[in-house]
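The values are calculated or read from the model by the stated rules, or taken from the named source; none is laboratory data. Everything quoted here is computed from the prediction, not taken from an experiment. Using ideal geometry, Cβ is built from the backbone for each residue, glycine included, and neighbour counts are taken over all protein chains shown. All accessible areas refer to the heavy atoms of the entire protein, side chains included, with ligands and DNA or RNA removed. Shrake-Rupley method; radii C 1.70, N 1.55, O 1.52, S 1.80 Å.
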Amino acid sequence: MPEFIPLHFDRLDPATQSTRSLEFRQIMAQRRTIRDFSPEPVPFELIENAIATAASAPSGANQQPWRFVVVSDAEIKHQIRLAAEAEERENYESRFPQEWLDALAPFGTNWEKPFLDICPYLIVVFRIDYGLDGDRKIKHYYVQESVGIACGLLLSALHLAGLATLTHTPSPMGFLTQILNRPANERPFLLIPVGYPAPDAQVPALPKKPLSEVMTVTS
Ligand code: IYR
């Protein structure tokens, strides 16, 4: 029989619910993905707290199929930059079809990824496709959904801590397994550079869809 314990649930008064929900909405509306980072150091405590928040995410069968690798070593960051740029150069120069290049045009991205050297921290998120009990493989359920939710919490926590992030997916990402020496059951999911924006950082002027376009309320 599973062990059950009483739920701890803080019931808020309606006024607090309303203020908090609006405050969080406003804080999150200010989050922007950035590519111009400052080398200014970031307290490790902020990274640790954000990862602990991410690791509190719900997951399929509570298997917590994630590993967050924190990289601050300049040499490892540089290896990651070189490997990412080699893949991205191929992508931009020959692998991406014109339709994809057109979709990326508003962001002004190219194969060069200097932020991978500049950022004080890179958080590399791995998905754990199956568990290992000795040689026996344990099936994991809803890995993509679980790790996606954890990454959402991670980005929110970092933003709330006053840090800027980029959701970076150099493709293919297999080089991260080698450089970071991860086991075969872990696959790179997302590379998140974290830091402060450069003083002259710019972001594309991109609107979010209005609520009426993303929310449908059935009657
Ligand atoms: N990973 C590449 C290309 C890229 C793809 C998408 I979809 C983006 O939203 C942004 C970039 C790069 O990092 O340049």
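A few remarks follow.
- Residues that are open to solvent by 30 Å² or more (accessible area, probe 1.4 Å) and either touching a strand residue (DSSP E or B) at 6+ places or on another chain (Cβ under 8 Å) or without any contact (Cβ under 8 Å) to a residue 40 or more places away in the chain (or both) were ranked within segment 52-63; the one that is nearest to Glu186 (Cα to Cα) is Gln63.
- Residue within segment 14-22 that is farther than 19 Å from Ser156 by Cα and either touching a residue at least 40 places away in the same chain (Cβ under 8 Å) or hydrophobic (A, V, I, L, M, F, W, C) (or both) present: yes
- Within segment 68-100, the set of residues being surrounded by 12 or more Cβ atoms within 10 Å (Cβ to Cβ) and among the aliphatic types (A, V, I, L, M) comprises Val69, Val70, Val71, Ile76, Ile80, Leu82, Ala83, Ala84, Ala86.
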